[in-house]
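Data block below; observations after.
The values are calculated or read from the model by the stated rules, or taken from the named source; none is laboratory data. Every value quoted in this text rests on a predicted model; they were computed, and no experiment measured them. Quick reminder, even Gly has a Cβ in these numbers, built from the backbone with ideal geometry, and neighbours come from all protein chains shown. The accessibility values were calculated without ligands, DNA or RNA, using every heavy atom of the protein model including side chains. Shrake-Rupley method; radii C 1.70, N 1.55, O 1.52, S 1.80 Å.
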Amino acid sequence: MQMTTEDRQDRQDRQERPHARTFSTPAYNFAFLDEGSKREIRRKSLKAVAIPGYQVAFASREMPIGRGWGTGGLQLTLSLLGRNDTLKVIDQGNDDSVNAVSIRRLVEATSGIATTEATEEATIIQSRHRIPEEPLTRDQILVLQVPQPEPLRKVEPREEKTRIRHAEMDYSAMWLTLYESIVKWGSITLGADYPVMVHNRYIMAPSPIPRWDTEKLHMSEHLSLFGAGREKKVYAIPPYTNVVPLQFDDYPFTVETFKDAECGHCGSTHTFLDEVKDESTGRTIYQCSDTAYCRRQREGRG
């Protein structure tokens with residue numbers, strides 16, 4: 001069989017660099033997804049950017065991880081990756097969780113691109129349930145994994161009805177739910193995944209990020225993309241977009257507080273803290289949810 005020019009060049013490259021990682025092999029395309037799938041996801045992402053907060057349906061592919069473990073965010077990430085990108089993957093602020101490590105290894109194996117745990121070095125950041133403490137820049141893209149993209153699902157279980165409500169901007173049921181919470185409990189009790197109004201038009205689910213992170217989406221410099229693999233939806237918040245949590249004038253939106261608490265590792269009092277039980281002493285301690293930021297603080301570079 002006669003070798004093509006590409007075959008000869010590939011053999012020569014492997015002989016010259018026998019231990020170098022190649023960007024693609026016959027087993028899969030660069031970044032796993034085929035080019036047609038990437039183009040379709042990028043087209044839907046562009047539509048989502050053009051209509052902030054609007055849920056765009058896409059043909060969610062089968063991935064080598066279970067649905068519900070970040071397939072929507074992963075597909076967005078794979079469609080965006082270029083050979084010169086650097087990826088950071090975090091799970092509830094942690095770079096070393098099983099979910100984060102598994103996704104990072106998959107991307108490394110199928111693309112060969114660089115990965116990092118340093119927020120400032122990443123061009124694409126895929127996250128589950130957290131936005132990094134360090135402010136993101138216009139040169140970075142945040143991809144958030146979303147389990148349930150429809151904020152009206154709490155008040156309307158039928159998809160056809162929620163679409164009509166969004167089209168007519170009929171959000172009275174959501175406002176009524178917030179009012180009932182105040183009447184019953186004295187405050188709005190919603191925690192993570194607090195609904196927001198995007199660009200004064202669509203109510204949007206910001207994924208289960210804590211309220212602490214919700215305000216980081218408002219007028220941010222970076223592009224935020226949201227992917228729900230099971231629900232086959234993508235949506236976006238472009239840079240410098242108005243994002244306002246739902247609130248009443250006399251019951252304004254508030255974030256979580258950690259009064260008199262500080263991180264047991266770096267001493268931070270201005271970050272989102274996780275409550276942890278010390279097994280040896282039984283004492284409750286706090287630590288930064290964002291492990292990379294905590295490490296940066298300990299190294300004195302914060």
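Descriptive notes on the structure:
- The stretch 206-262, residues that are β-branched (Val, Ile, Thr) and over 22 Å from Gly73 (Cα atoms): Val244, Thr254, Val255, Thr257
- Residues that are of a type in the set (Asp, Glu), part of a loop (DSSP other than H, G, I, E, B) and either modelled with pLDDT of 95 or more or open to solvent by less than 40 Å² (accessible area, probe 1.4 Å) (or both), drawn from the stretch 57-91: Asp85
- Only listed residue being touching a helix residue (DSSP H, G or I) at 6+ places or on another chain (Cβ under 8 Å), in a loop (DSSP other than H, G, I, E, B) and surrounded by fewer than 15 Cβ atoms within 10 Å (Cβ to Cβ), chosen from Glu256, Glu221, Glu231: Glu256
- Taking the criterion of being open to solvent by 10 Å² or more (accessible area, probe 1.4 Å), among the β-branched types (Val, Ile, Thr) and either out of contact with any strand residue (DSSP E or B) (no Cβ under 7 Å at 6 or more places or on another chain) or assigned to a helix (DSSP H, G or I) (or both), the residues of the stretch 172-218 that qualify are Thr177, Ile182, Val183, Thr189.
- Residue count for the stretch 259-273, restricted to those that are under 27 Å from the mean Cα position of the chain (by Cα), closer than 20 Å to Gly191 by Cα and open to solvent by 50 Å² or more (accessible area, probe 1.4 Å): 1
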